[in-house]
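A quick write-up on the structure given underneath.
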Amino acid sequence: MTMKGRALLVGIVMLAEMWLVGCGHYNCGATFGASSCSSGSGGLNSGNGNSGNGAVYLFVADAGGIQGEVLDPTAGTIKTIPGGTVSITSGSINAPQSDFMAVAQGKYLYSGYSTWLGGTIYGWSITAGGTLNAITGTQPLSAPYLVGSFQIGSQAMITNPAGTLLFALDQTNEQVYVYTIGTGGVLAPATSSPMALPPGFKPFNMAIDGLGKYLYVSNEVGLGTTEVATYSIGSNGALAAVGTPLSTPIRQMQGDASGKFMVGTSGGFFFDNGDKTLYVGAIGQSGALTVTPIKITGVPAAVAVQPNTGGNIVYAFDFPDSAGNGTIEGFQFDLSTGALTAIAGITASGANGEFDPSGKYLFVVEAANGVANALDAFDVSASSALTTHVANVGWAPGAWQPVDAQ
């Protein structure tokens with residue numbers, strides 16, 4: 001999903017987009033257990049690292065390093081992984097919370113920093129038990145263009161579905177950096193990287209269709225989006241423009257696994273723009289979007305699309321209230337027509353959310369007074385109305401990413 005490691009105060013523009021999402025899906029950085037909130041059916045205790053029972057790992061870009069957690073749905077717990085914490089330091093100084101996080105192939109984790117050592121990307125391989133091993137040659141990778149990109153959107157560093165390419169935005173210089181992911185997860189600049197965007201195009205978010213054919217980049221103007229540019233993705237990471245940028249307010253979007261549609265929202269966490277609309281973009285043969293606006297009940301600040309093959313559920317997280325949580329609206333997504341049918345009976349609320357890669361679990365961020373303080377896991381396969389709560393753990397805002405145990 002997905003955010004960046006900064007606490008959100010609702011209405012503060014500079015911070016609002018950065019803390020809620022599952023980085024890579026979003027970008028953040030957190031300290032699990034820092035909250036005094038109830039642990040619900042789960043809790044933050046030392047676990048045994050067992051990755052069985054359909055377990056899902058959660059990696060958190062905490063200040064000072066990366067923390068590993070594991071969701072055990074059978075036990076109904078979220079626990080620390082023994083030996084699952086790695087430190088990032090320089091002398092006696094700890095790294096700040098990471099701004100960006102992405103996972104490739106379910107086995108490589110990347111974390112980007114806009115303020116650490118002049119802009120850096122770190123990488124780790126994920127073991128079967130959920131511990132992390134540094135990737136030689138990506139520890140750290142110098143990325144000075146990240147320094148000016150700390151106010152960027154939730155999907156500013158992402159991978160393609162195959163996990164062979166990593167994309168990162170350079171907002172200051174209006175460019176997209178592309179890296180190939182080689183043997184062992186090593187990053188290498190693609191031959192065409194960085195790619196310049198159209199003059200005056202200030203990139204805010206990226207998204208890739210479910211088949212990994214096309215890259216979509218939204219253009220930030222003031223507090224909204226005016227255009228989305230489309231690029232075809234070559235096997236070596238080369239990007240080629242598809243027509244001219246499309247005039248559309250889509251700010252954040254995700255694609256379904258079939259590669260037929262992109263679903264997005266014009267909203268954000270910092271202000272209520274009053275747009276009670278989800279935007280469904282049908283992907284043409286060239287990658288161009290034909291967008292249909294669909295009215296919903298609330299004002300969606302973010303959207304999560306079920307990522308697995310055959311997955312047909314979309315959740316919209318509406319603009320948050322004063323506590324920082326918004327209403328969650330769910331929809332069955334017709335993968336033939338693009339129609340959305342509301343799912344009845346959802347009472348859960350949250351600030352944002354993200355699916356694990358299997359599409360079985362939805363992780364939802366809770367907030368109090370505008371600051372994230374808990375993470376809930378729901379079994380979507382048991383109830384698309386989010387009535388099957390699996391586990392809960394207290395935490396503080398930061399970049400996190402769910403990864404299915406291999």
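Throughout, read-outs are computed from the coordinates displayed, never taken from laboratory work. What you are looking at is a predicted structure, and each value in this text was computed from that prediction instead of being measured. Counting neighbours? That spans all protein chains shown, and the Cβs are built from the backbone with ideal geometry, glycine included.
Okay, here's what the table says:
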{"read-out": "Placed amide H near Thr292: partners under 5 Å, 5+ positions off or other chain", "value": "Val280, Gly281, Ala282"}
{"read-out": "Rounded if a/c under 1.5, otherwise prolate or oblate - the range 237-306, Cα gyration tensor axes", "value": "prolate"}
{"read-out": "Amide H contacts of Val390 (H built 1.01 Å from N, under 5 Å, at least 5 apart or other chain)", "value": "Ala377, Phe378, Asp379"}
{"read-out": "Radius 12 Å from Cβ of Ile81, net charge of other residues (Lys, Arg +1; Asp, Glu -1)", "value": "-1"}
{"read-out": "Size of electric dipole in the range 13-404: Cβ of Lys, Arg +1 and of Asp, Glu -1, about Cα centre, debye, nearest 20", "value": "480 debye"}
{"read-out": "Relative contact order %, the range 13-404, counting alpha carbon pairs below 8 Å whose residues are six or more apart", "value": "18 percent"}
{"read-out": "Residue-averaged [θ]222 nm for the chain, counting only DSSP H segments that reach four residues, each worth -39500 (n - 2.57)", "value": "0 deg cm²/dmol"}
{"read-out": "In Hz, Karplus ³J(HN,Hα) per residue of the range 159-173 (6.51, -1.76, 1.60; θ = phi - 60°; x = Gly, Pro)", "value": "10, 7, x, 6, x, 9, 9, 10, 10, 9, 8, 10, 6, 5, 9"}
{"read-out": "Residues with amide H under 5 Å from that of Ala374, placed H, sequence gap 5 or more", "value": "Glu366, Trp395"}
{"read-out": "Subset of Lys202/Lys295; Lys213/Lys295; Lys260/Lys295 violating a 26 Å alpha-carbon distance limit", "value": "Lys202/Lys295; Lys213/Lys295"}
{"read-out": "Per-residue ³J(HN,Hα) for the range 90-107, Karplus 6.51 cos²θ - 1.76 cosθ + 1.60, θ = phi - 60°, Hz, x for Gly and Pro", "value": "9, x, 9, 9, 8, 5, x, 4, 6, 8, 9, 8, 8, 10, 10, 6, x, 9"}
{"read-out": "Simple label model, 7 Å out from Cα along Cβ direction - Ala339 to Ser383, nm", "value": "2.7 nm"}
{"read-out": "3J(HN,Hα) from dihedral phi, the range 66-81, Karplus parametrisation 6.51/-1.76/1.60, rounded to Hz, x for glycine, proline", "value": "10, 9, x, 10, 9, 8, 10, x, 5, 7, x, 9, 10, 10, 6, 8"}
{"read-out": "Reported label for calculated log10 I(q)/I(0) by the Debye sum over Cα atoms at q = 0.08, 0.10, 0.15 Å⁻¹ given [x] -0.35, -0.56, -1.41; [y] -0.55, -0.79, -1.41; [z] -0.41, -0.67, -1.63", "value": "[x]"}
{"read-out": "Straight-distance crosslink candidates among lysines, where the alpha carbon sits under 30 Å from Lys79 and sequence neighbours closer than 8 are dropped", "value": "Lys4, Lys107, Lys360"}
